1. Filter the stretch 137-182 down to the residues that are open to solvent by less than 50 Å² (accessible area, probe 1.4 Å) and aliphatic (A, V, I, L, M) and list them by number.
2. Name the single residue, out of those in the stretch 366-388 being closer than 27 Å to Gly39 by Cβ and over 22 Å from the mean Cα position of the chain (by Cα), that is surrounded by the fewest Cβ atoms within 10 Å (Cβ to Cβ).
3. Restricting to the stretch 117-135, what's the tally of residues that are open to solvent by 50 Å² or more (accessible area, probe 1.4 Å) and in contact (Cβ under 8 Å) with a residue 12 or more places away in the chain?
4. Condition first: open to solvent by 30 Å² or more (accessible area, probe 1.4 Å) and part of a helix (DSSP H, G or I). Can you find one or more residues in the stretch 53-73 that meet it?
5. Can you tell me which residue is nearest to Ala112 (Cα to Cα) among those in the stretch 265-292 that are assigned to a helix (DSSP H, G or I) and among the charged types (D, E, K, R)?
6. Just one of the numbered conditions (1) at pLDDT 90 or above; (2) surrounded by fewer than 17 Cβ atoms within 10 Å (Cβ to Cβ) is not true of Trp287; which one?
7. Given (1) within 21 Å of Leu58 (Cβ to Cβ); (2) touching a Phe, Trp or Tyr at 6+ places or on another chain (Cβ under 7 Å); (3) assigned to a helix (DSSP H, G or I), where does Gly236 come up short, assuming only one miss?
8. So which helices (runs of 4 or more DSSP H) are wholly in the stretch 124-209 and hold at least 3 residues that are at pLDDT below 90, of a type outside the set (Ser, Thr, Tyr) and closer than 23 Å to Ala252 by Cβ?
Amino acid sequence: MNHPTRTPLRGLLRGNTRQYGMAIALVAVIILFQVLTGGLLLTPLNITNLIMQNSYILILAIGMMLVIITGHIDLSVGSVVAFTGAMSAIMLTSWGLPTLVVVPIALLLGAAIGAWQGFWIAYVGVPAFIVTLAGMLIFRGATLAALGGESIAPLPQSLRVIASGFLPGQTDGLHLPTLALGVAGAAAIVWVQWRSRARSLARDLPVPPAAVTVASSVVVSAAIVAFTYALAGHNGLPLVGVLLIALIGGYAFVMRSTTMGRRVYAVGGSERAAALSGIRTKRVTFWVFVNMGVLSALAGLIFTGRLNAATPGAGTMFELDAIAAAFIGGASASGGVGSVIGAVIGALFMGVLNNGMSLIGLGVDWQQFIKGLVLLLAVAFDIYNKKRVGGSGPILPGMRSRAGGGGPTGGGEPARVSGESSPA
């Protein structure tokens, strides 16, 4: 059967309305607050603060996106952040362990917590909402017990530098290592885009017009270079920014180009169909929650290091920020749909919104109101978009009907389990 090798621009946009819409919305919000703040939003200092302030939410959003793609939810991540941060502070201060030992122990603790919750969800069959709600209470209580209701501070510089340090390099003029990293990153993005296009053409698969790929490469490359140039004018790229780049690139690759990623999408699209295809669905679900536990522990280390203290109230509402970032970034409440890049866009959208509203002096009451409204509108738009394209084709095996819950893609498209919902 012959397939068209060029996807019309209109069809491309229609099939990815949510993803492109949120990217455009992010740019619009940045421009809006850049104007309203008199240029303060995009100053090097504020960009650095944006990265550091939202690093742990970005980390949590990546893990939460995978959980939501499988059709589950995790309400415990904020409490796990607090608990792992508290235990790390105790090991560093009371036990005198070095940071190089504490970090892997904390990550293993997060993995154990994720395995505990994943066992109840995957193998016992208790709904994820109940298990993680219980986890939220259990680990919040464990945090209070571990800290005795008090904060532990200060913490060693070796931990603080992870959350607040910068790439080494010269301090006078532009920070050349940051610029070099930005140029290399832009070149890598362009190479990946064109390599993916070439592979799709070789397999006679649909691809967007060449002009669209060229425009995307130019825009993305310019944004990356401009971003790193701004940071190079300050102290350079924060170390946590390097960690985020590695996580985003690694998880995006896993979800787009590996068997594990395809299995996660398959389980979220239709668990029964995935099981009939030979996928060990329980194992996939179990490891997704283990992964969420590890990322929660990593976020706990970074948050504790940035705060320079372990506090009983750490991580409060983090789970809602991560869930909001995933849904705003394109995840579907019914599972099977979402992307790592979408989660990053959603987290950045919320981060810029929070930062911009704070810079213009908007009260916390209005900030909460606006964030809640944005989340509601994002999910409502997702439901509207599914209904709009829902009757365009037949329901294929492995794709749930819209009446009974979402499948891996929108509307009448075939179930796509070979990669993320974004086009190659």
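The values are calculated or read from the model by the stated rules, or taken from the named source; none is laboratory data. Please read all numbers here as calculations on a predicted model, not as lab measurements. As a convention, Cβ positions derive from the backbone with ideal geometry for all residues, glycine included, and neighbour counts pool all protein chains shown. Side chains included, ligands, DNA and RNA excluded: accessible areas come from the protein's heavy atoms. Shrake-Rupley method; radii C 1.70, N 1.55, O 1.52, S 1.80 Å.
1. Ala142, Ala146, Leu147, Ile152, Leu155, Leu159, Ala163, Leu167, Leu179
2. Trp366
3. At the first step, the residues of the stretch 117-135 found to be open to solvent by 50 Å² or more (accessible area, probe 1.4 Å) are 119-120, 123-125, 127, 129-130, 133.
Okay, now just the ones that are also in contact (Cβ under 8 Å) with a residue 12 or more places away in the chain, so 119, 123, 129, 133.
Of the residues in that region, 4 qualify.
4. Filtering the stretch 53-73 for residues open to solvent by 30 Å² or more (accessible area, probe 1.4 Å) gives 53, 71-73.
Next, from what is left, pick out any that are part of a helix (DSSP H, G or I): 53.
Yes, because at least one residue in the stretch 53-73 is open to solvent by 30 Å² or more (accessible area, probe 1.4 Å) and part of a helix (DSSP H, G or I).
5. If we filter the stretch 265-292 for residues that are assigned to a helix (DSSP H, G or I), which is where we start, we get 265-269, 271-276, 281-292.
In the following step, the residues that additionally are among the charged types (D, E, K, R) were identified as 271-272, 282-283.
On the way: Glu271: 25, Arg272: 27, Lys282: 17, Arg283: 15 Å.
Result: Arg283.
6. Only one criterion in (1) at pLDDT 90 or above; (2) surrounded by fewer than 17 Cβ atoms within 10 Å (Cβ to Cβ) is unmet by Trp287, namely (2).
7. Exception for Gly236: condition (3).
8. Values: elements: 128-147, 157-164, 176-202.
Filter on the stretch 124-209 gives 176-202.
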